[in-house]
1. Give the residues of the stretch 178-194 that are under 19 Å from Asn216 (Cβ atoms) and surrounded by 22 or more Cβ atoms within 10 Å (Cβ to Cβ), sorted by residue number.
2. Within the stretch 104-136, how many residues turn out to be free of Cβ contacts under 8 Å to residues at least 40 places away in the same chain and β-branched (Val, Ile, Thr)?
3. In this structure, is Gly32 small (Gly, Ala, Ser), in a loop (DSSP other than H, G, I, E, B) and without any contact (Cβ under 8 Å) to a residue 12 or more places away in the chain?
4. Which residues, taken from the stretch 42-74, are of a type outside the set (A, V, I, L, M, F, W, C) and either part of a helix (DSSP H, G or I) or not assigned by TED's automatic domain parsing to the domain that holds Met16 (or both)?
5. Is it the case that some residue within the stretch 153-165 is within 24 Å of Tyr92 (Cβ to Cβ) and not β-branched (Val, Ile, Thr)?
6. Quick check, is Thr163 among the β-branched types (Val, Ile, Thr), surrounded by fewer than 19 Cβ atoms within 10 Å (Cβ to Cβ), at pLDDT 95 or above and in the same structural domain as Val130 (by TED's automatic domain parsing)?
7. For the stretch 136-182, what are the residues that are within 22 Å of the chain's Cα centre (by Cα), β-branched (Val, Ile, Thr) and not in a strand (DSSP E or B)?
8. Just wondering, is there one or more residues in the stretch 86-103 that are farther than 27 Å from Ser172 by Cα and either basic (Lys, Arg) or in contact (Cβ under 8 Å) with a residue 24 or more places away in the chain (or both)?
Amino acid sequence: MKILVTGHKGFIGKHMVNALKDNHTVTTYEWGEASPKIKGLDWVIHMGAISSTAETNVEKIMAQNYDFSIDLYNDCRHYDVNFQFSSSASVYGTPSEFKESSPVDPRNAYAWSKYLFEYFVATHKKKSIVQLFRYFNVYGSGEEHKMGQASPHSTFTKQAKETGIIRVFENSEKYFRDFVPVETVIDVHKKFLKIDESGTFNIGTGTPESFLDIANKIAKEYNAEIQIIPMPERLKSSYQQYTCADLTLLNKTLEKYNV
């Protein structure tokens, strides 16, 4: 198949290209390059975005995450090209359940940009396949460059190796997240390339783990100490205390198509 991957220089995008390049004809696009050619493609996998939940330049986020996504999606509609989109579990906000049908409550500009594009897709249907994936907390090799936005797995490991001290926000034993390996995310994308069905799907593990539990495991592995630090004020209002992907729809769809 002929597949365009946007955001190929990013953490997940790099893994996506590496997973596809041996069996498919893969082209790539990164923000700032000439507009990608859509005609003749089988799929567009749109992973490119400003992924920082702490980014405060709303115009910048809307230009890259929303406006460009709409232009790309409309080109796919025009040329009848199948479309996969990297959305985010941050659209849920702080609900009691994380089903694709649950009400959403975006708490920052990044989350809003993802949800607004989801809404645009829902109100501007296309004939070909459109698959939206709400990632939970993705971690794995290659995310070290994300600095403050890297997963606790990478952040804590880096701290343990370099300083012997892992710095954890206060009350981290109360913050539970669904941390999903990047390999799982890529595997789902690849399987859905074979699925002739549109929809919105969670990608997670269905098993949350606390930040402190992760810190303790890494501290034990590297013989590091744990230091409790205050949470920055800018994070308090939007910080999700708990996430856990409901995978019912995802698993049901995978079983239906036996992939």
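The values are calculated or read from the model by the stated rules, or taken from the named source; none is laboratory data. These numbers were taken from a predicted model, which means no experiment stands behind them. In this analysis, Cβ positions are derived from the backbone assuming ideal geometry, glycine residues included, and neighbour counts consider all displayed protein chains.
1. At the first step, the residues of the stretch 178-194 found to be under 19 Å from Asn216 (Cβ atoms) are 178-179.
Across the stretch 178-194, the qualifying residue is only Asp178.
2. 2
3. Details: small (Gly, Ala, Ser): yes; in a loop (DSSP other than H, G, I, E, B): yes; without any contact (Cβ under 8 Å) to a residue 12 or more places away in the chain: yes.
When the stated conditions are applied, Gly32 passes them.
4. Applying the first criterion (of a type outside the set (A, V, I, L, M, F, W, C)) to the stretch 42-74 yields 42, 46, 48, 51-53, 55-57, 59-60, 64-67, 69, 71, 73-74.
The answer is Glu59, Lys60, Gln64, Asn65, Tyr66, Asp67, Ser69, Asp71, Tyr73, Asn74.
5. Initial filter on the stretch 153-165 (within 24 Å of Tyr92 (Cβ to Cβ)): 153-155.
Right, trim to not β-branched (Val, Ile, Thr) and you get 153-154.
There is at least one residue in the stretch 153-165 that is within 24 Å of Tyr92 (Cβ to Cβ) and not β-branched (Val, Ile, Thr).
6. Numbers: among the β-branched types (Val, Ile, Thr): yes; surrounded by fewer than 19 Cβ atoms within 10 Å (Cβ to Cβ): yes; at pLDDT 95 or above: yes; in the same structural domain as Val130 (by TED's automatic domain parsing): no.
It is false that Thr163 is among the β-branched types (Val, Ile, Thr), surrounded by fewer than 19 Cβ atoms within 10 Å (Cβ to Cβ), at pLDDT 95 or above and in the same structural domain as Val130 (by TED's automatic domain parsing).
7. Thr155, Thr157, Val182
8. Taking the stretch 86-103 and keeping what is farther than 27 Å from Ser172 by Cα, we get 86, 101.
Keeping just the survivors that are either basic (Lys, Arg) or in contact (Cβ under 8 Å) with a residue 24 or more places away in the chain (or both) gives 86.
Checked against the condition, which is being farther than 27 Å from Ser172 by Cα and either basic (Lys, Arg) or in contact (Cβ under 8 Å) with a residue 24 or more places away in the chain (or both), the stretch 86-103 yields at least one hit.
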